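A quick write-up on the structure given underneath.
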Amino acid sequence: MTVAPAGSVRIHRAPRLDPPFDDELRPTTYRPSRPEPREVVPPGAVAGASPECHTAAHRFLNLCLELFNGFRSPSQLRPLLRVTEAHDVLEELSRALRRLAAQHRAAPPGTPRTPVRRRQLRTCEPRPGVAEVAAVLSNGRTTWSMAYRLERDGTTWRCTALTVLL
């Protein structure tokens, strides 16, 4: 092994900023293509909800709460449902009623049945005459949510879609 004389080897520092490599001139990054939005918010969209819209949403929710608490039958909601979607909405409500009954049966014996109450209600009006509502419900032991859509049909508001997340 040969050793270079003491003064013959020089170490140079690297420049503070190295020039970019060829592959760094235009870095290629993966950018997924975004699909075009299907529905653009119309210019007449309401930021909140009109008082009439909020009242209709509140009225429908109160009737659903009476249904969940056993004071109404599902058939009494039929005038507030659009005919073409009535079957789907009633099916969703009956599914929620079955799950509530199963939870009540699973409770320890002697546990009093607490009524279902509204914890929170949010209403928006994406278009005039259309209300989209989200409600948080609770019976003291369980909390769940319900989302529904109301559309104005002449002078009455009718439910066109309903989902209960229990």
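Please specify each residue of the range 147-166 satisfying the condition of being touching an Asp or Glu at 6+ places or on another chain (Cβ under 9 Å) and under 21 Å from residue 91 (Cα atoms). Residues satisfying the conditions are 147, 148, 149, 150, 157, 158, 159, 160, 161, 162, 163, 164. Against the test of being farther than 13 Å from residue 64 by Cα and among the charged types (D, E, K, R), the options 105, 118 yield a single qualifying residue, 105.
Screening residue 133 against (1) within 15 Å of residue 60 (Cα to Cα); (2) out of contact with any Lys or Arg (no Cβ under 8 Å at 6 or more places or on another chain); (3) touching a residue at least 60 places away in the same chain (Cβ under 8 Å); (4) of a type in the set (A, V, I, L, M, F, W, C) leaves a single unmet condition, (2). Looking across the range 145-166, the residues that are touching a residue at least 40 places away in the same chain (Cβ under 8 Å) and within 18 Å of the chain's Cα centre (by Cα) come down to 146, 148, 150, 159, 160, 161, 162, 163, 164, 166. Restricting attention to the range 123-130, does a residue exist that is under 18 Å from the mean Cα position of the chain (by Cα), closer than 16 Å to residue 67 by Cβ and either free of Cβ contacts under 8 Å to residues at least 40 places away in the same chain or surrounded by 12 or more Cβ atoms within 10 Å (Cβ to Cβ) (or both)? Scanning the range 123-130, I find no residue that is under 18 Å from the mean Cα position of the chain (by Cα), closer than 16 Å to residue 67 by Cβ and either free of Cβ contacts under 8 Å to residues at least 40 places away in the same chain or surrounded by 12 or more Cβ atoms within 10 Å (Cβ to Cβ) (or both), so the answer is no.
Taking the range 85-166 and the strands (runs of 3 or more DSSP E) fully enclosed by it, the elements with 3 or more residues that are of a type in the set (Val, Ile, Thr) are at 130-138, 156-165.
Bear in mind that the values in this text are calculations on the coordinates, not laboratory data. The structure presented is a predicted model; accordingly, all values stated were derived computationally and were not measured. Glycine also receives a Cβ, built like all others from the backbone with ideal geometry; neighbour counts cover every protein chain displayed.
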